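As structure tokens, the structure follows; a few thoughts come after it.
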Amino acid sequence: MTSTILQTKHLFKHFDGVKAVDHLSVSFEKGKITSIIGPNGSGKSTLINLLTGLVPLDAGEVIIAHSLHFTRVKSHEVAGFGLTRTFQDVRLFEQLSVLDNILVVLTERGVFASLFETHGTLHLAQAEEVLKKMGLWEKRHSLAINLSYGQRKLLEIARVLAMTRSARTGRAADIIFFDEPFAGLFPEMRKVVVSVMKELRAEGRTQILVEHNMELIRELSDEVVVLDAGELLAQGVPNEVLAKREVIEAYLGE
Ligand SMILES: Nc1ncnc2c1ncn2[C@@H]1O[C@H](COP(=O)(O)OP(=O)(O)OP(=O)(O)O)[C@@H](O)[C@H]1O
Ligand SMILES: [Mg+2]
């Protein structure tokens, strides 16, 4: 049984005449990993920005199935809908320690309140669990800004994991967007991220992945959405979609 958890209808966004997302109607299934692929500039990140309310849409709709309640997404509602994400360009609290980057997510209060809080053993235990999983526990006292690029990407994913365990929003994250989480990672770090994504799928969470590496796409995706110049070129299971002539041409035509 499949059910749609997230959907766009005629979604449209342009930047100075560039149609970044061009009347796109696409849907995402609950509990699956859907990869969004397409050439550079085809609108993948813009689509995620629209779906998470980071960037306002020009026209069309974003619909989130939230129990039986369907609605348009607004930026301030995103956390309440259980959406979380990583950024292609990595966004962390640079001047906070690795541990504090996680605790901020786990605590019920805002960033500043959380820094002056005595953290409960539950939060510390959860932070330890996610940091150990991402291989960052030894780095817990380093400032985020001093981490290597790969470690920064892993910390962003650790934060997403913490969001899935957080009661902060009253609703733990169950739709997760990863915008090129593997870029710049060493193979052993990639393996960690692959296993985290498989674990999140086993927990029933919905994941939307932007990725260029075909091997990883084949390994992880239940579904593939192909964008070309902001339009939907194909959607379906990886083997079928990746064999399509128009998909191969869109890539070779870069
Ligand atoms: N904030 C912005 N201002 C102006 N143009 C933008 C902005 N964001 C995206 N664009 C343009 O919209 C188009 C789609 O960009 P987007 O970043 O969504 O592509 P992408 O598929 O994520 O590419 P990549 O694979 O390189 O990450 C591009 O032409 C890009 O230059
Ligand atoms: Mg992008």
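Dipole of the chain computed with +1 at Lys/Arg Cβ and -1 at Asp/Glu Cβ about the Cα centre; of SER25, LEU50, LEU155, farthest Cα towards the positive end is LEU155.
Comparing VAL90, VAL196, LEU216 along the charge dipole axis of the chain, the residue lying farthest to the positive side is VAL196, per the Cβ-charge model.
In this rough spin-label picture, where each label sits 7 Å from Cα along the Cβ direction, the HIS23-TYR149 distance is 3.9 nm. Along the axis of the charge dipole computed for the chain (Cβ charges of +1 for Lys and Arg, -1 for Asp and Glu, origin at the Cα centre), the listed residues THR8, ILE102, LEU242 are led at the positive end by ILE102. Each Cα pair under 8 Å and six or more residues apart adds its separation to the average, and for the chain the resulting relative contact order is 27 percent. Just to be sure I understand the curve: with the Debye formula and one point per C-alpha of segment 211-254, what is log10 I(q)/I(0) at q = 0.19, 0.21, 0.34 Å⁻¹? Each listed q maps to, in turn, -0.53, -0.65, -1.38. For LYS32, the lysines whose Cα comes closer than 23 Å to its Cα, not counting residues fewer than 8 places off in the same chain, are LYS9, LYS44, LYS133, LYS153, LYS191, LYS198, LYS244. In plain terms, the chain from GLU199 to TRP137 could stretch by 20.4 nm, reckoned as 0.36 nm per residue minus the Cα-Cα distance. Beta-bridge orientation, the chain: approximately 60 percent antiparallel, per DSSP, counting only bridges with both partners inside. Of the residues LYS13, LYS153, LYS32, the one with the fewest other Cβ atoms within 10 Å heads the list, and the complete ranking is LYS32, LYS13, LYS153.
Could you size up the charge dipole of segment 141-254 around its Cα centre, putting +1 on the beta carbon of Lys and Arg and -1 on that of Asp and Glu, and report it in debye to the nearest 20?
On the way: 14 positive and 18 negative charges, 149 e Å.
My answer is approximately 720 debye.
The slack in the chain from HIS10 to LEU54, taken as 0.36 nm per residue of separation less the alpha-carbon distance, amounts to 14.0 nm. In this structure the amide hydrogen of GLY31, modeled in the peptide plane, comes within under 5 Å of the amide hydrogens of THR206, GLN207, none closer than 5 places in sequence on its chain.
Computed FRET efficiency, Cβ-Cβ of LEU124 and GLU231, R0 41 Å: what is it to the nearest 0.05? So the FRET efficiency works out to roughly 0.30. In this rough spin-label picture, where each label sits 7 Å from Cα along the Cβ direction, the SER3-LYS30 distance is 0.2 nm.
The equivalent ellipsoid of the chain has semi-axes of 31, 21, 17 Å, largest first, where each one is the square root of 5 times an eigenvalue of the Cα gyration tensor.
Only four residue types carry charge here, +1 at the Cβ of Lys and Arg and -1 at the Cβ of Asp and Glu. Report the dipole size of the chain about the Cα centre in Debye, rounded to the nearest 20.
Values: 29 positive and 32 negative charges, 123 e Å.
Rounded to the nearest 20 debye, it is 580 debye.
Rule-based calculations on the coordinates, nothing more; no lab input. Since the structure is predicted, the reported quantities are computational estimates derived from the model, not experimental observations. A quick note on method: Cβ atoms are made from the backbone with ideal geometry, for glycine too, and the neighbour counts reach across all protein chains shown.
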